[in-house]
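Right, one structure below, let's go through it.
The values are calculated or read from the model by the stated rules, or taken from the named source; none is laboratory data. These numbers were taken from a predicted model, which means no experiment stands behind them. Glycine gets a Cβ as well: all are built from the backbone with ideal geometry, and neighbour counts include every protein chain shown.
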Amino acid sequence: MRHTIFGESHGPAIGVVLEGAPAGLELDLDRIARELARRATGKNPWSTARKEADQVQVLSGVFEGKTTGDPLALLIFNEDQHSRDYEALRFTPRPSHGDYAGFLKSGGCLDYRGGGHFSGRLTAPLVAAGSVAKQLLERRGVWVGAHISAIYGISDAGLEDPEDLRAVAEKDFPVLDDAKGEEMKAAILEAKGEGDSVGGSIECVVTGFPAGLGSPDFGRNVEGLFAQYLFAVPAVKGVDFGAGVALALMRGSEANDPFEVRDGRIVTRTNHAGGVNGGITNGMPVVFEVTMRPTASIARPQESVDLRTGEPVELSIHGRHDPCVVPRAVPVIEAAAALASCTLLGI
């Protein structure tokens, strides 16, 4: 199953086309709506004030409630654009945003309004596609869940049981420890009050994979495959599997995951490897953490250049932006992981 996301932040609509979606799936549109509501804007002070209904319209690929196997096209209309806020950015790239690279790649034809195709707005159709993927995965006994693991150095409680993430998905602020969540909110609002932004990380778990999926080779390596999908999410700058960079602080005797038999299955006592050995699933949950940079669009004055003259410019960004993208990105990371999981399973 391949997906193509289309549209721009301030265009008439955004959407996704899923090619190769298996026929016969009873598509739950209410579930897609719930997933999009988890990502929704304008609900609280730690997200952008832009308000979008994000109601999905099915254009093709479904008949009498079931997928047909033909391209599945999902459309979401844009309704709350403030394009005038971006006129000053036509020839003044925002630091650490996709503006400059996109300007060069497009030969100067970049849609600069709200970031165009580079905008986090395009994660809405990704979530819709991910919801379809989740519904397909459940028929194979595979489940995906995530939580905020840290924001600006404030860490959530450690995850002990992946089942705990089912309750987290129902929360407005998806953390395991609500007290830590309040500390995170305070850090976000403090940065917002200063015209700034903060970053953080998201831990995601995929359960239900059998052992033996993947390959050590390029293209089918489990970690590499997931990374391809995850790095396509705006603001993701790092992906760690299992203990990740903390492995550099361990000895082999600490980092290794001893094997044992439990309920007739070969499992590992710990999961520092994140469910992957040699690029192949080992039957344990696949666990990874993504690092997300602070939102690039901030209200504080920044230094840039005029692309027409090369002269320095002090840039003040207007418009509506998340002071921290991490809370709304939790369902986005789940969606990317679900799509990667479908590819791994050959769905």
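Structure values in brief
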quantity	calculated
Considering residues of the range 224-268 that are of a type in the set (S, T, N, Q) and outside any loop (DSSP other than H, G, I, E, B) only, the residue surrounded by the fewest Cβ atoms within 10 Å (Cβ to Cβ)	253
Failed item in (1) among the β-branched types (Val, Ile, Thr); (2) assigned to a loop (DSSP other than H, G, I, E, B); (3) within 14 Å of the chain's Cα centre (by Cα), with residue 202 passing the rest	(2)
Selection within the range 246-302 - hydrophobic (A, V, I, L, M, F, W, C) and in contact (Cβ under 8 Å) with a residue 60 or more places away in the chain	276, 280, 286, 287, 288, 290, 292, 296, 298, 299
Selection count where residues are part of a loop (DSSP other than H, G, I, E, B), at negative phi and either surrounded by 13 or more Cβ atoms within 10 Å (Cβ to Cβ) or in contact with an Asp or Glu (Cβ under 6 Å, 6 or more places away or on another chain) (or both), scope the range 9-21	4
Residue count, the range 152-202 (criterion: touching a Leu at 6+ places or on another chain (Cβ under 9 Å), of a type in the set (Asp, Glu) and within 18 Å of residue 325 (Cα to Cα))	1
Verdict on residue 325 being at pLDDT 95 or above and under 30 Å from residue 40 (Cβ atoms)	no
Answer from 182, 160, 170 - the residue that is under 17 Å from residue 35 (Cα atoms) and without any contact (Cβ under 8 Å) to a residue 12 or more places away in the chain	170
Any hit, the range 143-154, residues being β-branched (Val, Ile, Thr), crowded, with 17+ Cβ neighbours inside 10 Å and under 25 Å from residue 33 (Cα atoms)	yes
Output for the range 146-199, where each listed residue is in contact with a Phe, Trp or Tyr (Cβ under 9 Å, 6 or more places away or on another chain) and part of a strand (DSSP E or B)	148
Cross-chain or 6+ apart pairs with Cβ under 6 Å, the range 232-243 first and farther than 20 Å from residue 205 by Cβ, then in a strand (DSSP E or B) and at pLDDT 95 or above	235/292; 237/291
Lone unmet requirement of (1) among the β-branched types (Val, Ile, Thr); (2) within 30 Å of residue 98 (Cα to Cα); (3) in contact with a helix residue (DSSP H, G or I) (Cβ under 6 Å, 6 or more places away or on another chain) for residue 347	(2)
The range 90-125: number of residues that are among the hydrophobic types (A, V, I, L, M, F, W, C), more than 18 Å from residue 13 (Cβ to Cβ) and either in contact with a Lys or Arg (Cβ under 6 Å, 6 or more places away or on another chain) or modelled with pLDDT of 75 or more (or both)	4
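Matching residues to (1) within 22 Å of the chain's Cα centre (by Cα); (2) β-branched (Val, Ile, Thr):
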{"position": "274", "(1), (2)": "yes, no"}
{"position": "290", "(1), (2)": "yes, yes"}
{"position": "293", "(1), (2)": "yes, no"}
{"position": "298", "(1), (2)": "yes, yes"}
{"position": "303", "(1), (2)": "no, no"}
{"position": "308", "(1), (2)": "no, no"}
{"position": "311", "(1), (2)": "no, no"}
{"position": "317", "(1), (2)": "no, yes"}
{"position": "323", "(1), (2)": "yes, no"}
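For every residue, the table says whether it meets (1) among the polar types (S, T, N, Q); (2) in contact with a Leu (Cβ under 6 Å, 6 or more places away or on another chain).
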residue: 251; (1), (2): no, no
residue: 266; (1), (2): no, no
residue: 273; (1), (2): no, no
residue: 309; (1), (2): yes, no
residue: 321; (1), (2): no, no
residue: 325; (1), (2): no, no
residue: 341; (1), (2): yes, yes
